[in-house]
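I have placed the structure first, in the form of structure tokens, so that the comments after it can refer back to it.
The values are calculated or read from the model by the stated rules, or taken from the named source; none is laboratory data. On a predicted model such as this, the values are computed, not experimentally measured, just so you know. FYI the Cβ positions are ideal-geometry reconstructions off the backbone, even for glycines, and counts take in every protein chain you see. Just so you know, the surface numbers come from the protein's heavy atoms only, side chains and all, with ligands and any DNA or RNA stripped out. Shrake-Rupley method; radii C 1.70, N 1.55, O 1.52, S 1.80 Å.
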Amino acid sequence: MPDLDTRARAILARNDRGGYTVPTAGLYPYQWNWDSVFAAMGFAEHDLPRAWAEIETLFSGQWANGMVPHILFHKVDPSYFPGPDVWGGTGPLPSSGISQPPIAATFIRALYERDRPAGEAHVRALVPKLCDWHRWFFDWRGEDGAICVSHPWETGRDNTPDWDAPFAAIQPEGIDDYARRDTSHVAEDERPRSYDYDRYLYLVKIGRESRWDEAHIKSASPFRVADPTMTFTLLRANRDLLALCQAMGEPNCEIESWITALAAGSEHLWNPDIGSYDCLDIRTGRHSGVISNASHLAWYAGVGGDRMLGHYDRIMGAVRFGMPSTDPGHHAYEPRRYWRGPVWAMMNWLIAIGLAEAGHAARAEALRRNTADVIATGGFAEYFDPRDGSPAGGRDFTWTAATWLAWAS
Ligand code: 2M8
């Protein structure tokens, strides 16, 4: 659809701040980690050098311990809270103190495959950085091969019902008064509740006050949850990183051992009570009992065979537009509230990559068409109501435009 193509390219151009894109003006005026990777794939459709620049700007914020932050605050903008002063990041650029789903290696590989000669120097420079970042996950987020988060924002699925039980155990004491900015851009009932924000800020305070001392956070924070988004994207990313190393003539057995550990660790996320992958609270040993869109990333990680197929077909059959971020059959499902129900186009893309690779080409293609329909219906919104495709959250959204250009269109 040429009109949508033009609009999508215009959104990328409008959100371009020179070397990096913002997810959308106003609501998110900084560079976000996984948003930038999707943005790069959108740019790659018409401007490959700009795609590489996006990734390189992201890695310019990498910390000495290997962590690649979830937000880089290139230019302070009061339209977003919490900003750099609240985070107190200790890296080379003003940044947050946590990371985000490590999808970069996978899509760096895809950029490289588009044009190997043009990509070679970029890949050579990025491979050691990717190795350092992936090692950081093992050092500080690994639990028996499953990858944990120290903050919900690290998964990118900020207010999924997966956090409801761990959050109920947190008393957010001693947080300063604060004023949210998100609800001045987006309707309150499409965003997390104040209850969640209090806990988000309490966890940021623990990190900031320790100067992001990961050993302290790992032992002292009340929140440590193993998560399918992180475990599955890192497993997949390591396979792609290994392929990049091999292409550069630098085979790396450390990565092979990570792959083995993550494949075994994925099993800890299998909840036999619901027959699905979900989150595992390391502090209590309890599963979340939530089937989310991240549960369906098992194919993307190449684990579990077709264990999720029954749930996949049931859930896609229950909504007009899928994949909802929470199973509509779950009591906490809210079709318009952010990560508690709405459809996220870029998650669909990741799910479809996995489906196609697992031999489910028809389902992958149906998901692509369904995603194209939801974008044609609701525009380039941040997320969509699974019932009617109506837009929710931010508008003119970078990753929705990029997902359109690189996959859905
Ligand atoms: C959302 O998260 C930020 C915090 O990181 C927020 O709500 O303030 C999430 O959807 C996350 O996955 C995404 O990367 C970010 C920017 O689009 O927004």
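Here are some notes:
- Selection of the stretch 91-113 for residues being away from the ligand (no atom under 16 Å from the Cβ) and of a type in the set (A, V, I, L, M) yields Leu93, Ala105, Ile108, Ala110, Leu111.
- Cβ pairs under 6 Å, 6+ apart, first in the stretch 217-229 and among the charged types (D, E, K, R), second in a loop (DSSP other than H, G, I, E, B) and surrounded by fewer than 24 Cβ atoms within 10 Å (Cβ to Cβ): Arg224/Ile282; Arg224/Arg283
- Cross-chain or 6+ apart pairs with Cβ under 6 Å, the stretch 24-50 first and within 9 Å of the ligand (Cβ to nearest atom), then part of a strand (DSSP E or B): Tyr30/Ile71; Trp32/Ile71
- Flag for Thr183 being at pLDDT 95 or above, closer than 21 Å to Thr24 by Cα and in contact with a Pro (Cβ under 8 Å, 6 or more places away or on another chain): no
- Restricting the first member to the stretch 334-356 and to residues that are more than 20 Å from Asp164 (Cβ to Cβ), and the second to residues that are away from the ligand (no atom under 13 Å from the Cβ) and open to solvent by 20 Å² or more (accessible area, probe 1.4 Å), the beta-carbon pairs closer than 7 Å and six or more apart or on different chains are Trp349/Trp407; Ala352/Arg368; Leu355/Arg363.
- Some residue of the stretch 148-169 being among the β-branched types (Val, Ile, Thr), touching a Leu at 6+ places or on another chain (Cβ under 9 Å) and either outside any helix (DSSP H, G or I) or away from the ligand (no atom under 16 Å from the Cβ) (or both): no
- Among residues of the stretch 59-82 that are within 16 Å of the ligand (Cβ to nearest atom), those with a beta-carbon under 7 Å from a residue that is of a type in the set (Val, Ile, Thr) and assigned to a loop (DSSP other than H, G, I, E, B) at least six positions away or on a different chain give the pairs Gly61/Val68; His70/Ile98.
- Summed over the stretch 239-254, the residues that are among the polar types (S, T, N, Q) and either open to solvent by 50 Å² or more (accessible area, probe 1.4 Å) or in a helix (DSSP H, G or I) (or both) give a count of 1.
- Of residues in the stretch 185-199 being in contact (Cβ under 8 Å) with a residue 60 or more places away in the chain and in a helix (DSSP H, G or I), the one farthest from the ligand (Cβ to nearest atom): Asp189
- For the stretch 81-97, residues that are open to solvent by less than 30 Å² (accessible area, probe 1.4 Å), within 19 Å of Ser36 (Cβ to Cβ), part of a loop (DSSP other than H, G, I, E, B) and in contact with a helix residue (DSSP H, G or I) (Cβ under 8 Å, 6 or more places away or on another chain) total 2.
- Only one of Phe137, Phe81 that is within 27 Å of Ser292 (Cα to Cα) and touching a Gly at 6+ places or on another chain (Cβ under 9 Å): Phe137
- Residue within the stretch 369-377 that is more than 16 Å from the ligand (Cβ to nearest atom) and under 20 Å from Asp278 (Cα atoms) present: no
- Every residue from the stretch 380-409 that is away from the ligand (no atom under 16 Å from the Cβ), touching a Ser or Thr at 6+ places or on another chain (Cβ under 8 Å) and open to solvent by less than 10 Å² (accessible area, probe 1.4 Å): Gly389, Ala408
- Condition check for Asp115: within 18 Å of Glu256 (Cβ to Cβ) and open to solvent by 10 Å² or more (accessible area, probe 1.4 Å): no
- Test: Ser292 is surrounded by fewer than 24 Cβ atoms within 10 Å (Cβ to Cβ) and polar (S, T, N, Q): no
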